[in-house]
Amino acid sequence: MFHQGSPSLLNSVKPPVLVSVIVPTLNEVDNIDLVLAAIVAEADSGVEFEILVADGGSTDGTIERVREWERAANVRLVPSSGNGGLAGDVLTAAKAATADVVVVMDADLSHPPARIRAVVQPIIDGTSDMAVGSRYVDGGATPDWPWRRRLLSRLGGLLAWPLTELKDPMSGFFAVRRERLLEIDPKAAGFKIGLEVIARGGGWLRVKEVPIVFRDRIHGQSKIGMGQMVAYIRRLLVLAGGAVSVAGAARFAVVGLIGMLVDLIAFQTFFGLGAPLLTAHVGSFTIATISNYFLNSRWAFRSSSGTGWVASREYYTRFLTVCFLALAIRGGVLAGATAVFDLTPQIAILFAIGAAAIVSYLGYAFFVFPSANPRVPYDIRWRVAAIGVVGYVVVLRLLFLGLPDLIPEESYYWNYAQHLDIGYLDHPPMVAWLIWAGSRLFGDNEFGVRIGAYVCWFATAYFNFQLARNLFGKSAAFVSLLLVAALPFYFVTGLLITPDAPLTAAWAGTLYFLERALLAGKPRAWWGVGVCIGLGMLSKYTIALLGPATLIFMLIDVRARKWLARPGPYLAAVIGLVIFSPVIYWNYQNDWASFAFQGTRRLETDFQFSLPMLIACAALLLSPLGLAAAVMALAAKGRRRRPSELASDDRRSSRFMMVYTLVPLSVFVVFSLDHSVKLNWTGPLWLATLPAIAAAILAIVKQSTKFDIVARQLWTPGLASILVIYGLALNYLVFGLPGLGYVAKVPVAWREFGREAGSIARDVEQATGERPVLLGLDTYHITSQLAFYSEDAGEGAKDAVGRGILGHANSLMYDFWFHPESLQGRPVIIFALKKYQIDDSKFAAQFRLLGEPVERVITKKGRPAGRFYYRVGYEFRGGGSGPAAPQEPDVKPAPHMQPPVRPVPPLHEAKGGHDEQQGSLW
């Protein structure tokens with residue numbers, strides 16, 4: 001008597017399964033007999049094979065051999081024109097197949113027939129939608145392959161990586177149900193038809209990789225050449241939803257050349273007529289863009305748009321979006337080429353036009369006139385959108401990283417790096433260490449200062465991608481990556497160097513390793529948790545909020561509760577504490593100043609109800625659309641659908657996301673009930689929510705409510721608008737507005753401000769014979785910018801001091817770095833942005849003689865950009881007991897001590913200025 005699950009009993013009652021094996025051929029006369037015999041030998045009582053030889057026009061006798069096999073076995077010849085390549089031949093054979101399950105394999109014996117049953121079994125069992133014979137999973141191999149072929153194969157797989165999870169997406173040996181194979185684009189061409197099936201299924205296709213040993217053919221010649229590789233790349237772009245074709249690319253090239261010629265002529269005309277660089281740049285781009293759109297919509301991409309000029313409001317809106325994005329990149333290239341590489345505008349515009357052309361082509365192909373092919377899955381389109389957005393943001397930030405002036409906070413942290421230490425009053429030292437490293441590599445310039453933030457963003461993006469992939473799958477990971485690139489807080493932390501840049505990277509890393517430890521049960525992940533927490537504590541103390549969140553998660557999650565009795569969490573705490581120990585030691589040496597500054601000092605502030613401000617700040621950090629999506633994701637509680645590739649339980653994933661968002665958020669909410677809050681505080685905590693937002697975006701297509709439809713319609717224009725705003729804002733910081741310059745109401749041109757201060761300092765030094773001290777009358781903004789930008793004033797950071805030396809108010813770390821006694825006898829130039837600040841009569845007690853306030857207008861590119869006030873104090877007393885009777889100084893006061901001969905005109909009437917060089921505003 002047989003056991004219920006005995007294979008013998010199953011084989012005795014179940015009829016054999018018919019499988020159609022499709023073998024595409026082209027001049028395989030030396031291999032066809034061997035491969036057909038090997039396939040026939042694999043049939044048994046459980047599986048029968050229908051072998052269809054899809055011949056693409058063999059002329060070497062292959063067809064005659066197959067005809068002989070038709071009389072001896074279940075073999076059929078399916079002639080094909082060969083015009084569609086291997087893919088077209090396979091589709092022709094699939095239409096003629098009679099079985100529900102189809103196997104596709106090469107005829108050169110590189111795909112072992114002995115593995116057919118292993119490949120087809122997951123499809124027969126219903127456990128997979130597709131099974132692929134893989135060379136790159138455990139048990140697979142490619143013996144005797146030269147390194148060039150291995151590299152080419154891996155490169156081809158890497159190019160397909162956004163479309164699939166497979167380690168071997170280029171495999172041509174696969175099994176799938178016939179109807180799924182016939183669902184692919186009938187225009188499919190090339191030699192990787194398996195990839196067509198994978199791309200058509202998107203993230204929801206269940207695919208299993210079965211190990212095979214791939215051996216090179218012994219007889220005949222490979223059909224793969226450069227032409228096939230180019231066709232493969234083009235087909236990948238089509239599968240990604242792009243309107244890409246050889247003819248279309250050629251037409252776009254013609255249009256691009258015409259547009260470039262129009263652009264160059266217009267630019268040279270404007271520039272030759274004396275127009276400013278910005279006017280010539282924008283004017284010529286506008287003219288060329290109108291020409292390009294007319295030609296592209298009517299000719300180059302006509303088959304995609306379906307109609308001609310201004311086909312619809314949607315096409316026109318998308319066209320304008322791409323124009324602004326291309327203009328932003330073009331502006332960055334133009335500014336960098338002229339300011340950094342010292343090229344003339346006439347030469348720099350060539351590189352700028354080329355960069356804009358690349359953005360325009362990709363924008364037209366994938367966004368303005370995308371493929372109308374309905375076979376491109378929704379989630380694949382989002383993956384491609386993520387790649388485009390991330391690529392654009394990475395390039396945009398890189399172009400502008402060194403162009404705008406540092407904001408005061410960045411200059412302040414640069415001063416940290418000039419006084420390198422293991423701790424500081426208001427922040428831990430990581431930001432100083434990053435700036436120190438960047439400045440040593442690239443110099444004390446904007447690029448060198450900011451490069452650390454740029455690198456930290458990549459760490460944030462990587463860890464967030466991996467977290468989202470573990471929680472909700474690869475498609476959600478791509479969308480989450482898009483959000484990290486596009487949402488305001490994460491865009492800015494990748495551009496400006498503040499403690500938030502390394503903090504956000506460490507926060508993302510901590511969440512990733514916590515998920516691996518708590519949800520995936522990986523003990524070694526606790527090491528990563530400890531390292532990331534330690535690095536985060538070296539960046540900003542806020543990351544400590546993840547500690548109580550972890551404890552709460554372990555208490556409420558049954559499966560995670562086991563870690564309370566295991567060493568992992570405690571080991572992570574010890575590692576983090578060891579990494580953080582330099583800051584503890586610094587605080588010990590300085591009366592716990594930093595801990596008090598960030599702790600008890602904040603609690604001692606006056607009552608202020610700031611919850612609405614906290615919400616408004618979150619809307620600015622995430623954008624209103626992003627904040628609304630975060631709230632909806634938190635409220636969804638795991639009701640999102642997920643693809644089959646997920647590793648974690650839906651409910652635990654949602655619990656993880658909610659705990660690590662709501663616990664830190666609740667601390668800020670409670671604090672905001674009676675204290676003031678700051679804009680950036682909640683930025684990092686939303687990293688736990690981004691994967692859920694991404695999953696919700698992908699799930700929208702499965703919903704039918706009006707809200708879901710509206711949400712889906714808002715995301716594309718919302719994200720496009722955000723990118724346009726970034727590009728235009730950065731261009732404004734560098735160029736200003738055409739014909740208007742800068743419209744800010746306060747001094748914003750810090751580079752020019754520094755040059756003005758340097759000029760004043762040289763005059764004072766010439767009059768007194770001593771190098772003056774530069775003092776800003778705010779907490780740290782003015783002093784920090786003077787230290788960085790007034791290189792002509794002396795030794796930069798050594799000459800710029802805080803207002804604390806006057807005994808009126810604190811100036812943070814400047815009170816640690818400079819003491820009044822060390823500055824006695826030196827002249828001091830006091831700077832302020834408001835006149836009332838500098839009119840304080842108490843200043844006179846600190847000097848032997850104090851000059852009158854003087855107003856100075858700042859100009860940038862020949863236009864007024866703001867104003868500042870200063871006065872010169874001679875022979876600083878350095879903490880003297882009180883005012884003394886006025887005495888004549890030993891030297892004649894500098895001209896700046898004297899009041900101006902005539903009043904300084906209002907800002908809008910001021911003319912003239914100093915060097916017209918690149919700079920930016922704050």
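Which residue, of 757, 800, 761, is modelled with pLDDT of 90 or more and within 30 Å of residue 428 (Cβ to Cβ)?
Details: 757 fails: within 30 Å of residue 428 (Cβ to Cβ); 761 fails: within 30 Å of residue 428 (Cβ to Cβ).
Within the list 757, 800, 761, the selection yields 800.
Say whether the condition of being exposed (fewer than 14 other Cβ atoms within 10 Å of the Cβ), within 22 Å of residue 205 (Cβ to Cβ) and at pLDDT 85 or above is met by at least one residue in the stretch 128-135. Give the steps one after another, and end with the answer.
Of all residues in the stretch 128-135, those exposed (fewer than 14 other Cβ atoms within 10 Å of the Cβ) come to none.
Checking the stretch 128-135: not a single residue is exposed (fewer than 14 other Cβ atoms within 10 Å of the Cβ), within 22 Å of residue 205 (Cβ to Cβ) and at pLDDT 85 or above.
When you look at residue 720, is it assigned to a helix (DSSP H, G or I), surrounded by fewer than 18 Cβ atoms within 10 Å (Cβ to Cβ) and at pLDDT 90 or above, yes or no?
No; evaluated as a whole, the condition is false for this residue.
From the list 586, 563, 592, exactly one residue is on the phi > 0 side of the Ramachandran plot and either open to solvent by less than 20 Å² (accessible area, probe 1.4 Å) or not β-branched (Val, Ile, Thr) (or both). Which is it? Give the derivation first.
On the way: 586 fails: on the phi > 0 side of the Ramachandran plot; 563 fails: on the phi > 0 side of the Ramachandran plot.
Residue meeting the stated conditions: 592.
Yes/no per residue for (1) of a type outside the set (Phe, Trp, Tyr); (2) modelled with pLDDT of 75 or more; (3) surrounded by fewer than 20 Cβ atoms within 10 Å (Cβ to Cβ):
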residue: 829; (1), (2), (3): yes, yes, no
residue: 833; (1), (2), (3): yes, yes, yes
residue: 836; (1), (2), (3): no, yes, yes
residue: 859; (1), (2), (3): yes, yes, no
residue: 901; (1), (2), (3): yes, no, yes
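Yes/no per residue for (1) in a loop (DSSP other than H, G, I, E, B); (2) modelled with pLDDT under 80; (3) among the hydrophobic types (A, V, I, L, M, F, W, C):
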position	(1), (2), (3)
287	no, no, yes
304	no, yes, no
343	yes, no, yes
349	no, no, yes
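Quick one: residue 809 ticks every box in (1) under 22 Å from residue 769 (Cβ atoms); (2) surrounded by fewer than 18 Cβ atoms within 10 Å (Cβ to Cβ); (3) aliphatic (A, V, I, L, M) except a single one, so which number is it?
(1)
For the stretch 41-65, name all the residues that are more than 52 Å from the chain's Cα centre (by Cα), surrounded by 17 or more Cβ atoms within 10 Å (Cβ to Cβ) and over 18 Å from residue 88 (Cβ atoms).
Result: 65, single match.
Considering only residues that are closer than 12 Å to residue 387 by Cα and buried (at least 24 other Cβ atoms within 10 Å of the Cβ), which ones fall in the stretch 486-497? If you could, list the steps in order and put the result at the bottom.
As a first pass, look at the stretch 486-497 and keep what is closer than 12 Å to residue 387 by Cα: 486.
None; the set is empty.
Against the definition (at pLDDT below 95 and farther than 22 Å from residue 436 by Cβ), how does residue 520 come out, yes or no?
On the way: at pLDDT below 95: yes; farther than 22 Å from residue 436 by Cβ: yes.
In short, yes.
Does the stretch 264-282 hold any residues that are touching a residue at least 60 places away in the same chain (Cβ under 8 Å) and part of a helix (DSSP H, G or I), and which are they?
We begin by selecting, within the stretch 264-282, every residue touching a residue at least 60 places away in the same chain (Cβ under 8 Å); these are 264, 267-268, 271, 276-282.
Of everything in the stretch 264-282, those that are touching a residue at least 60 places away in the same chain (Cβ under 8 Å) and part of a helix (DSSP H, G or I) turn out to be 264, 267, 268, 271, 277, 278, 279, 280, 281, 282.
If residue 167 passes every condition in (1) open to solvent by 20 Å² or more (accessible area, probe 1.4 Å); (2) out of contact with any Phe, Trp or Tyr (no Cβ under 6 Å at 6 or more places or on another chain); (3) part of a loop (DSSP other than H, G, I, E, B); (4) of a type outside the set (A, V, I, L, M, F, W, C) but one, which one does it miss?
It fails just one condition, (2).
The values are calculated or read from the model by the stated rules, or taken from the named source; none is laboratory data. What you see is a predicted model, and the numbers here were worked out from it, not measured in a lab. Virtual Cβ from ideal backbone geometry, glycine too; neighbours counted across all protein chains shown. Accessible surface is based on the protein model in full, side chains and every heavy atom, while ligands, DNA and RNA are left aside. Shrake-Rupley method; radii C 1.70, N 1.55, O 1.52, S 1.80 Å.
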